[in-house]
Amino acid sequence: MKIRTSILAGLLIIGSFGAVNSAIAEDGVLSKEEFTPSNYCHMKFPAIRESTIAENNPELNPTGDIIDFSGPCDETPTGKDQVQSQRIANQHNYVTSFYVNK
């Protein structure tokens, strides 16, 4: 009887970890620290996949770079501001690598 209770408790704990991870992964944010009362947050989330950055629905690249963002708490990983800043960063990297490799 004690073994069944232990196994059930273990499965319950493992299931709760899965629920927490899927809740975090829904919007793409890996971690988020809110600094109240100023609506200022520190977040980490995957960068946008380079092949979709010019599209209307950009996708996150879960195996790529991680963005370390500090700013307003309502920022989203695929929001307008993030798309624009990551486009500029990609253009800068392309130009820099062009001149370095020349």
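Quick test of your reading of the structure: Gly64 fulfils all but one of (1) modelled with pLDDT of 90 or more; (2) surrounded by 11 or more Cβ atoms within 10 Å (Cβ to Cβ). Name the failing condition by number.
That leaves (1) as the condition not met.
Report, ordered by the first and then the second residue, all pairs with beta carbons closer than 6 Å, sequence separation of six or more or different chains, a first member in segment 27-55 that is free of Cβ contacts under 8 Å to residues at least 40 places away in the same chain and of a type in the set (Phe, Trp, Tyr), and a second member that is assigned to a strand (DSSP E or B) and surrounded by 15 or more Cβ atoms within 10 Å (Cβ to Cβ).
Listed by first residue and then by second, the contacts come to Phe45/Ile67.
Restricting to segment 5-38, count the residues that are farther than 22 Å from Gln84 by Cα, surrounded by 10 or more Cβ atoms within 10 Å (Cβ to Cβ) and modelled with pLDDT of 65 or more.
Going through segment 5-38 one residue at a time, the tally reaches 3.
The values are calculated or read from the model by the stated rules, or taken from the named source; none is laboratory data. Being a predicted model, the structure only gives us computed values, none of them experimental. Positions of Cβ are generated from backbone atoms using ideal geometry, with glycine treated the same way; all protein chains shown enter the neighbour counts.
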